[in-house]
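J.: I have a structure here, written as structure tokens, and I will follow up with some questions on it.
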Amino acid sequence: MSQIDTRSGASSDPHSAVQLTDQEVHAIDQLRACYDRFCSELAKVIVGQREVIEQLAICLFARRHALLMGVPGLAKTLLVSKVAETMSLGFNRIQFTPDLMPMDITGTDILQETQEGRREFQFIPGPIFQNIILADEINRAPPKTQAALLEAMQEQRVTVLGKTYDLSSPFMVLATQNPVEQEGTYPLPEAQLDRFMFLIELDYPTEQEEIQIARTTTGDDLVKLNGILSGEDILHFQRLVRRIPVADHIYEYAAKLVRKTRPQGESAPEWLKPFVSWGAGPRAVQNLILGAKSRAALQGSYMVRLEDIQYVARPVLVHRLITTFAAQAEGVTAKQIVARLIDETR
């Protein structure tokens with residue numbers, strides 16, 4: 001079997017010498033075709049939001065989680081449920097409220113009577129035991145309940161009363177937040193924000209899109225979408241994404257970009273230091289590379305390009321920067337800071 005050498009030059013680093021087989025090249029072409037069909041299916045129900053759909057797909061095939069930010073009424077729940085439908089995956093929606101308890105998410109042991117008449121504890125799985133979980137308005141629940149997701153997101157398992165239970169594969173958490181109404185909410189701690197690969201921002205539709213939404217949603221019931229991939233197919237493509245080659249200069253660019261976000265470091269530009277109190281950590285570099293690999297595969301590319309890193313940089317970095325009071329006073333946002341860093345980094 002022939003192999004395609006994707007090295008950009010001689011290197012002693014084994015990670016830069018990845019070679020794609022003919023089968024893997026063919027699989028990338030298949031993934032690109034499946035992604036086009038996936039977008040076409042969603043377009044039957046979802047109007048616009050092409051960039052949001054692409055970012056969701058990047059997270060899915062990168063085997064990561066995403067935080068969706070948008071005001072009510074932008075079809076976040078519909079979008080996530082239809083993504084699960086087109087991927088033939090199980091879907092559960094958990095509405096986070098102030099009285100939600102961890103066991104309401106993970107499940108718990110219940111005393112049951114067996115056919116023999118004995119009583120014994122039996123584990124009743126919670127709604128987290130599905131492939132795609134929509135954690136709706138996650139900041140409505142107290143920290144103890146938010147933390148119930150932390151182990152699941154990081155380890156793909158939950159621990160209940162000392163026993164560990166593995167979750168389904170593939171597994172993806174999509175949490176939503178309302179950026180407007182913050183009264184009575186519990187902001188996510190930085191450690192949990194860092195578990196989300198992307199912060200995906202949903203904006204209002206254009207005028208024509210809003211007219212189309214009204215036409216689509218006020219008539220007959222929404223059409224049922226066709227399944228594009230199975231769970232096994234997705235797991236196969238997730239493994240393939242990690243095989244996408246990355247040249248040395250791409251690794252260096254990703255590390256340089258992240259290190260510039262840290263105001264205490266030597267790499268940080270002077271203009272950034274008054275506006276950022278804390279920058280992104282090493283997990284940001286990992287997510288930049290992994291997100292770029294996933295986007296490259298979805299675009300049908302056999303190796304990561306600089307444009308892939310630059311595309312995923314904003315959703316990877318924005319929620320990992322902690323801005324100062326000076327930035328808030330001057331109206332400087334994390335999004336603006338990241339955009340300027342991308343423009344200046346070469």
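The values are calculated or read from the model by the stated rules, or taken from the named source; none is laboratory data. Quantities reported herein were computed from a predicted structural model and do not represent experimental measurements. Positions of Cβ are generated from backbone atoms using ideal geometry, with glycine treated the same way; all protein chains shown enter the neighbour counts.
J.: Anything in region 85-111 that is buried (at least 22 other Cβ atoms within 10 Å of the Cβ) and aliphatic (A, V, I, L, M)? List them, or say none.
T.: Met87, Ile94, Ile105
J.: Residues in region 43-65: is at least one among the basic types (Lys, Arg), within 19 Å of Ser169 (Cβ to Cβ), touching a strand residue (DSSP E or B) at 6+ places or on another chain (Cβ under 9 Å) and touching a residue at least 60 places away in the same chain (Cβ under 8 Å)?
T.: For region 43-65, residues among the basic types (Lys, Arg), within 19 Å of Ser169 (Cβ to Cβ), touching a strand residue (DSSP E or B) at 6+ places or on another chain (Cβ under 9 Å) and touching a residue at least 60 places away in the same chain (Cβ under 8 Å): present.
J.: Now for a different question. Got a sec? Which helices (runs of 4 or more DSSP H) wholly within region 68-159 have at least 3 residues that are in contact (Cβ under 8 Å) with a residue 40 or more places away in the chain and within 22 Å of Gln49 (Cβ to Cβ)?
T.: Ranges flagged: 76-86.
J.: What about Val332, is it in a helix (DSSP H, G or I), in contact (Cβ under 8 Å) with a residue 12 or more places away in the chain, under 22 Å from Glu190 (Cα atoms) and not hydroxyl-bearing (Ser, Thr, Tyr)?
T.: Considered against the rule, which asks whether it is in a helix (DSSP H, G or I), in contact (Cβ under 8 Å) with a residue 12 or more places away in the chain, under 22 Å from Glu190 (Cα atoms) and not hydroxyl-bearing (Ser, Thr, Tyr), Val332 comes out as no.
J.: Could you count how many residues in region 179-214 are in a loop (DSSP other than H, G, I, E, B), touching a Gly at 6+ places or on another chain (Cβ under 8 Å) and either at pLDDT 85 or above or not charged (D, E, K, R) (or both)?
T.: Summing the residues that are in a loop (DSSP other than H, G, I, E, B), touching a Gly at 6+ places or on another chain (Cβ under 8 Å) and either at pLDDT 85 or above or not charged (D, E, K, R) (or both) in region 179-214 gives 5.
J.: So in region 254-283, with the set limited to residues that are free of Cβ contacts under 8 Å to residues at least 40 places away in the same chain and assigned to a helix (DSSP H, G or I), which one is surrounded by the most Cβ atoms within 10 Å (Cβ to Cβ)?
T.: Per the stated criteria, the residue is Arg259.
J.: In region 215-225, what count of residues is obtained for those that are over 23 Å from the mean Cα position of the chain (by Cα) and outside any helix (DSSP H, G or I)?
T.: 7
J.: Return the residue satisfying two criteria in turn: it lies in region 164-214 and is surrounded by 15 or more Cβ atoms within 10 Å (Cβ to Cβ) and hydroxyl-bearing (Ser, Thr, Tyr), and of such residues it is farthest from Thr77 (Cα to Cα).
T.: Tyr165
J.: Which ones in region 191-225 are more than 21 Å from Thr86 (Cα to Cα) and of a type in the set (Asp, Glu)?
T.: Scanning region 191-225 gives Asp194, Glu201, Asp203, Glu207, Glu209, Glu210.
J.: Given the conditions (1) out of contact with any Leu (no Cβ under 7 Å at 6 or more places or on another chain); (2) surrounded by fewer than 17 Cβ atoms within 10 Å (Cβ to Cβ), report the number of the one that Gly291 does not fulfil.
T.: So the condition that Gly291 fails would be (2).
J.: Could you check region 284-309 and list, in sequence order, the residues that are closer than 16 Å to Leu257 by Cβ, among the polar types (S, T, N, Q) and touching a residue at least 40 places away in the same chain (Cβ under 8 Å)?
T.: Scanning region 284-309 gives a single hit, Asn287.
J.: I'm trying to understand the selection: among the residues of region 56-87, which are modelled with pLDDT of 85 or more and hydroxyl-bearing (Ser, Thr, Tyr)?
T.: Residues satisfying the conditions are Ser81, Thr86.
J.: Just wondering, is there one or more residues in region 262-273 that are aliphatic (A, V, I, L, M) and within 23 Å of the chain's Cα centre (by Cα)?
T.: No, region 262-273 has no match at all.
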